[in-house]
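Below: the structure, in structure tokens.
Derivation of every value follows stated rules applied to the coordinates shown; laboratory data play no part. Because the structure is predicted, anything quoted here is derived from the model rather than measured. Glycine gets a Cβ as well: all are built from the backbone with ideal geometry, and neighbour counts include every protein chain shown.
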Amino acid sequence: MNICIADMPSYTYAVKGEKLLKARGFPCEVKRKSSSGGGGCGFTLVIRGSCREALKVLDRYSVPYTLQGGGG
């Protein structure tokens, strides 16, 4: 199973993304980033399954994110 991690610009966008994806059957969860990382709001969206399709949903609904790596 693919896992991708999207850094979110705010907690609000992280929750919005989570709700959009869960409503469409994508398993995901909001997690707090470790305090050692720089930049960002401190929240990520961990997405399991088809990352490419999930990210298309976020793009379609203009939910900003920065992909940490992996997935696809």
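Structure notes:
- Full-stretch length increase - residue 52, residue 68 - with 0.36 nm per residue and alpha-carbon distance subtracted: 4.4 nm
- Computed extension gain for residue 30 through residue 15, at 0.36 nm per residue and net of the alpha carbon distance, reaches 4.7 nm.
- Projecting the Cα atoms of 54, 6, 25 onto the dipole axis of the stretch 3-67, where Lys and Arg carry +1 and Asp and Glu carry -1 at the beta carbon, places 25 farthest toward the positive end.
- Bridging of residue 56 to lysines at a Cα separation below 20 Å is possible for 16, 19, 22, once same-chain residues fewer than 8 apart are set aside.
- Point-charge dipole on Cβ atoms (K/R +1, D/E -1) for the stretch 3-67, about Cα centre, debye to 20: 140 debye
- Proximal aspartates and glutamates relative to residue 33, as straight alpha-carbon distance under 13 Å, when same-chain residues fewer than 8 apart are discounted: 7
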